[in-house]
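Each value in this text was obtained by applying a stated rule to the coordinates, not by laboratory testing. What you see is a predicted model, and the numbers here were worked out from it, not measured in a lab. Methodologically, a virtual Cβ is constructed for each residue, glycine included, from the backbone with ideal geometry; neighbour enumeration extends over all protein chains shown.
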Amino acid sequence: MLDGKEYLQKKIKAKPFTKLYIRYPFQITALAIVKILVRTPVTPNMVSFAGLFVAFFTSLIIAFADSRYVFLAIPLLFVFDLSGILDGTLARATKIFSPFGSWIGIMAGRIGYMMIGTAFAWYAYKVTRSAIILTLCFIALILREAIGTLGAITISKMPPGWADIQYSEGYLYKESKFRRFLIKMFFYGATTYTLLICLGIVFKAPFYLILFMVIYGLFTYIAMLLKIGRSVRSIKLKK
């Protein structure tokens, strides 16, 4: 395990596909917290389970609290989102890596966002009494989970070369600096989903926001499928 001084001299690099502009505040915060955690017995798996507990408690607030007080869940949403970055940052700082730990991190994120997304769908229905909005919320959740799962099993969590997919830092945007900027700025990641849910809570689940979440998720998922498909085909041709 790194001591405090050694950690300060070590630059913890984010994995490919996680250096999104919207996540920078969370990554900076995670680095600051890890400087303290490396001196404690806290492990990355503990952080993952703690994040899952926060997600469960947050979901209860969103789904069942009086609509006047649901805004209290917003800080907890950001705490959960931070935990998804903190566990990996702590793992790299302490050099604690294992397939089980990686699996725990992935599953904690997926389960946590499914709980929060489901709770938000019910909240949106409670405040609007619209079956259409309820349906759109679930579609938005399914698309976001599809994006998260596809990213996790290809270029976010697994090592390069997994399933013959040869990704790198420029996996999605090596062809163009402008494309790199667009992806880093606008990719529909978990943090973006969290922010959109917060807006949905503040503005009482407006129809156009929920519809935007669906269109945003659909566009991102199709773009990822096309990119991964082209990459896999190019690898097979080279072989």
Under a crude label model (7 Å from the Cα following the beta-carbon direction), how far is ALA146 from MET185 in nanometres? 2.6 nm
Taking a crude spin-label model, label points 7 Å out from Cα along the C-beta direction, the TRP122 to PHE57 distance in nm is 1.8 nm
Label points 7 Å out from Cα along the Cβ direction at ILE96 and LEU211: separation in nm? 4.8 nm
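Within 10 Å of each residue's Cβ, count the other Cβ atoms and sort THR135, THR128, THR194 from fewest upward.
Numbers: THR135 14, THR128 17, THR194 21.
By the 10 Å Cβ count, ascending, the order reads THR135, THR128, THR194.
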If packing is taken as the mean number of other Cβ atoms within 10 Å per residue, what is the order of 180-187, 112-119, highest first? 112-119, 180-187
Segment ALA32-MET107, length gained on full extension (0.36 nm per residue, minus Cα span): 24.5 nm
